[in-house]
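Working notes, beginning with the structure itself.
The values are calculated or read from the model by the stated rules, or taken from the named source; none is laboratory data. All values derive from a computational prediction rather than experimental measurement. Heads up, the Cβs are rebuilt from the backbone with ideal geometry, glycines too, and the neighbour counts pull from every protein chain shown. SASA here: full protein model, heavy atoms, side chains in, ligands and nucleic acids out. Shrake-Rupley method; radii C 1.70, N 1.55, O 1.52, S 1.80 Å.
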Amino acid sequence: APMPDREGYILGDQFLVDPRDTPLLVFVNTRSGSQQGPILKTQLRSLLNPIQIWDLADGGPEKILKSFSVFSRLRLLVCGGDGTVSWIISALDEMQLDRWPPIAILPLGTGNDLARIHGWGSGYANESLLMILDQVKESYISLLDRWTLNIECKKKKKATKKKTESKPFINYMSIGMDAVSALQVHNLRENSPNMFFSRAVNKVWYALFGAEDAIKASCSDLPKQIILEADGVEVPIPKDSQGLIFLNIDSYLGGVPLWSRGVPIQKRPARYIRERRYSDGDSLHDDFDDGDYFSEKRHVMSFDESDSIIDDGSIVENENIDMTPEDRLARIMDCTSPSSCQDGKLDVISHRGNFNLGQIRVGLSNAQRLCQCSKVKITMKKGTAVQVDGEPWKQDSGTLTIERQKDPAMMLHRALEEGGGIETEVANLLEWAEEKKIIMKDTHTTLMKEFSRRIEKKTRARRNKTQQTVFASMKKRIASSNRFPSNSDL
């Protein structure tokens with residue numbers, strides 16, 4: 001007779017009716033921003049086996065993950081905000097599994113930026129749970145870069161050694177004015193959690209504190225207080241900058257594509273401008289349309305010419321190219337490559353404070369693109385607010401470094417078509433080919449990474465086109481509402 005594990009579960013592939021079934025483990029954060037978790041947990045337990053639903057308020061995810069990890073085709077559904085997803089990813093990383101179970105998201109947080117870019121929407125609005133469970137089954141795998149922020153504080157007089165700390169993140173890291181507002185909201189939530197009872201109310205608090213900080217301009221001296229180095233080269237910070245944002249995904253403040261709407265600080269010399277692409281048919285001009293700067297014809301570089309894929313799937317530049325510091329600075333500040341969450345690059349944005357972020361949100365202004373890089377070093381001359389994935393704190397002076405983690409997270413992207421579409425079919429085909437020993441595991445992994453990049457490119461182009469249409473319509477309405485009446489109207 002099969003023996004239960006330490007947690008009392010008897011689980012395994014041998015108990016599945018069909019070996020192609022994909023068992024589901026659901027995590028519910030009943031404390032997430034919209035407070036929908038308790039009702040959702042009850043509804044899910046009526047639809048699934050209750051042991052498949054784990055309330056994170058009852059304990060961390062580690063034990064239940066270990067029990068369910070015996071399923072070779074396990075999938076996860078995380079009901080919570082981006083912070084909850086990050087928590088689950090960190091737990092999976094510590095377990096060091098041979099195969100990561102891919103993660104779908106039912107967004108219950110305030111911003112839900114990670115859920116947005118993977119097609120799960122801006123927030124749960126009481127849709128049919130049966131429909132959502134079907135979408136999880138039909139979704140396809142997408143990769144997500146993971147990053148680590150290493151913090152080294154200045155050594156105090158009485159201290160024997162420097163204080164160091166590490167924080168993982170998957171969405172963004174920011175320093176400056178927006179982090180100050182996030183810290184104020186965080187402190188209020190900790191002291192008065194009853195004042196945060198819906199997604200709309202949460203956003204109101206962010207707006208109120210943002211407006212207050214916009215008046216104070218407490219980070220107006222930010223360019224003098226920090227030194228930014230990207231890939232070993234010091235990058236000049238705009239004099240009017242009041243905050244820097246390091247983006248892994250092109251979604252911020254609840255769905256604002258800062259990089260796609262951003263503009264470079266200045267045109268780079270033509271000889272430094274190039275297109276970075278991952279494979280045939282994946283070129284920059286399909287995704288950008290920002291006037292003459294992006295419409296110029298440029299040489300397209302492919303893997304065969306100067307790029308190569310390393311074992312973890314990221315893109316590296318040919319180290320044999322002899323470049324001066326000026327050339328390296330020009331290259332990382334080129335800022336013509338589209339944002340990608342799986343290219344091993346961070347997109348660095350500068351903004352002019354919370355009022356400027358509000359303008360960007362409604363399409364009345366643009367963020368400033370600083371650079372794209374793989375490693376970051378920030379030297380802080382004095383303390384200021386910092387946040388990673390919505391977790392803010394007051395950081396003392398010291399040094400911050402950002403490095404990419406080796407293995408990407410396995411996410412699930414919602415398929416656009418009912419029944420899964422071609423993306424899901426290709427992913428299933430690759431799994432079938434490995435199971436039948438037609439291809440090896442390493443080949444499956446490489447093909448999956450390349451497939452994920454190509455699908456991301458098409459999804460990004462489709463999303464940008466939709467957003468451009470929406471904001472063009474908004475601007476037209478604003479212009480028509482401000483139009484002065486003509487003589488014929490009087």
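What strands (runs of 3 or more DSSP E) lie completely within the stretch 12-96 and have 1 or more residues being of a type in the set (Phe, Trp, Tyr), open to solvent by 40 Å² or more (accessible area, probe 1.4 Å) and at pLDDT 90 or above? Steps first, answer last, please.
Numbers: elements: 24-28, 53-55, 75-80.
The strands (runs of 3 or more DSSP E) meeting that bar are 53-55.
Can you work out which of the residues in the stretch 327-342 that are in contact (Cβ under 8 Å) with a residue 60 or more places away in the chain and part of a helix (DSSP H, G or I) is nearest to the chain's Cα centre (by Cα)?
Residues of the stretch 327-342 that are in contact (Cβ under 8 Å) with a residue 60 or more places away in the chain, as a first pass: 328-330, 332-342.
The next check asks that each one be part of a helix (DSSP H, G or I); those that pass are 328-330, 332.
On the way: Arg328: 26, Leu329: 25, Ala330: 26, Ile332: 20 Å.
Applying the filter and picking the extreme gives Ile332.
When you look at Thr110, is it of a type in the set (Val, Ile, Thr) and surrounded by fewer than 23 Cβ atoms within 10 Å (Cβ to Cβ), yes or no?
Values: of a type in the set (Val, Ile, Thr): yes; surrounded by fewer than 23 Cβ atoms within 10 Å (Cβ to Cβ): no.
The answer is no for Thr110.
Take the residues in the stretch 161-181 that are surrounded by fewer than 22 Cβ atoms within 10 Å (Cβ to Cβ) and outside any strand (DSSP E or B), then tell me which one is modelled with the highest pLDDT.
Lys163
Based on what the data block shows, is Pro2 in a helix (DSSP H, G or I) and not hydrophobic (A, V, I, L, M, F, W, C)? Full working, then the answer.
On the way: in a helix (DSSP H, G or I): no; not hydrophobic (A, V, I, L, M, F, W, C): yes.
Taking the combined requirement at face value, the residue does not satisfy it.
Report the residue count in the stretch 404-438 for those that are at pLDDT below 90 and not in a helix (DSSP H, G or I).
Number satisfying all stated conditions: 10.
Determine whether the stretch 153-160 contains at least one residue that is under 15 Å from the mean Cα position of the chain (by Cα), in a strand (DSSP E or B) and touching a residue at least 60 places away in the same chain (Cβ under 8 Å).
Of the stretch 153-160, the ones under 15 Å from the mean Cα position of the chain (by Cα) are none.
Scanning the stretch 153-160, I find no residue that is under 15 Å from the mean Cα position of the chain (by Cα), in a strand (DSSP E or B) and touching a residue at least 60 places away in the same chain (Cβ under 8 Å), so the answer is no.
Residues in the stretch 365-386: is at least one open to solvent by less than 40 Å² (accessible area, probe 1.4 Å), of a type outside the set (A, V, I, L, M), out of contact with any Ser or Thr (no Cβ under 7 Å at 6 or more places or on another chain) and part of a helix (DSSP H, G or I)?
no
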